[in-house]
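What follows is a set of notes on a single structure, which appears directly below.
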Amino acid sequence: MIRTVPAVLLAASLGAHMAATSAPPPALRLYGTVEPLRSHPVVVPRLTGSAAGTLVIVHLIKPGSVVKRGDLLIEFDRQAQVKNAHDREAEYRDFLAQMEKKRGEQLTARAHDEADLTTAENAVKSAELEMLKNEMSPPITAEQNRLSLEEARAKLQQLRRTFDLKRRSESADLESLAIQRDRAKNAWAHADDNAAKMKVVSPIDGLVVLKTTWKNGTMGEVQEGEEVRAGLPVLEVIDSSAMRVRARVNQADVDRLRLGEPVRITLDSYPSRTFNGRLDQLSRIGATSSLSNRVRTFLALFSIEGNDPHLMPDLGAAIDLDDR
């Protein structure tokens, strides 16, 4: 006896088989971190000269503030820097006064030495005239005239040598003061530059994000009134109008990526928020995994279309790609 399969069961079986054979392969999902395409980090300024050291924050903009270019972000106590600048300016002006005084003294000394030279030259000329009388003078007088001429010439020669040595010494004195003046001027300029660094303004329009740092045994944001060291990252101004996601791709999946292909991006903190994006960059050289030298990962950057206030740096995101 031949049994027949009911039509309803046969249709259901055929439908399940066709669905199984035509179902698309599972989508590729990557995980990454949201970051701005353009940002400007702000660090504690590094000071030059002996005034370098820790600084005290007297004003700090609130995190999440929207700023324009030129808005004040952070200000440090500048009293020590201003005092140092005034002291360096006073030293510079003191060296200027010393140089003016030295030039006046040198002009007086030069005039006196030139007068002595003129007197010595006249003495030589007078002795030379006396020598013309030697033919008619007694031998003793002639010898005296000769000795007087030699003495006048020797004195003139000595005065000329001394005159040149004095001028060289005066020039060296002025050059030494000029070096000290220039050093004082440079120190003044550095002190003024240090004082100007006490106010940091935003170089771009954007959103303020405070950076966390290690302090007192824990991670936290800096606060007004705290002492901070030079080079410490304090905050970052980000351009929230252009964001992207940075992700790591396993070597087994990298061949499935194509530059420019569209993706869907979902924020971990806001699962209902989905954004369109595309793959902009993919590294050609993989980085060695910390678990195994044989496993490599590749860096991928995905741009996000549009902007949204929920797009913030360091948020986790999932990137879904259509499998190929």
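Name every residue in the stretch 135-170 that is aliphatic (A, V, I, L, M) and out of contact with any helix residue (DSSP H, G or I) (no Cβ under 8 Å at 6 or more places or on another chain), in order of residue number.
Met136, Ile140, Leu147, Ala154, Leu165
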First in the stretch 62-87 and of a type in the set (Phe, Trp, Tyr), second anywhere and part of a loop (DSSP other than H, G, I, E, B) and surrounded by 11 or more Cβ atoms within 10 Å (Cβ to Cβ), Cβ under 6 Å, 6 or more apart: Phe76/Met198
Any strands (runs of 3 or more DSSP E) falling wholly within the stretch 143-226 and containing at least 2 residues that are modelled with pLDDT under 90 and surrounded by fewer than 18 Cβ atoms within 10 Å (Cβ to Cβ): 212-215, 218-221
Long-range neighbours under 7 Å by Cβ, at least six apart or interchain, first residue touching a residue at least 12 places away in the same chain (Cβ under 8 Å) within the stretch 123-135, second assigned to a helix (DSSP H, G or I) and among the hydrophobic types (A, V, I, L, M, F, W, C): Ala123/Ala152; Val124/Ala152; Val124/Leu156; Ala127/Leu149; Ala127/Ala152; Glu128/Leu149; Met131/Leu149; Asn134/Ala142
Residue identified as in contact with a His (Cβ under 9 Å, 6 or more places away or on another chain), aromatic (Phe, Trp, Tyr) and at pLDDT 90 or above among Phe95, Phe76: Phe76
The stretch 126-142, residues that are part of a helix (DSSP H, G or I) and not aliphatic (A, V, I, L, M): Ser126, Glu128, Glu130, Asn134, Glu135, Pro139, Thr141
Residues satisfying the stated conditions in the stretch 229-274, i.e. buried (at least 16 other Cβ atoms within 10 Å of the Cβ), modelled with pLDDT under 90 and not in a loop (DSSP other than H, G, I, E, B): Val254
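The values are calculated or read from the model by the stated rules, or taken from the named source; none is laboratory data. Note that the structure is a prediction, hence the values are computed from the model and not measured. Note that we place each Cβ from the backbone using ideal geometry, even for glycine, and neighbour counts take in every protein chain shown.
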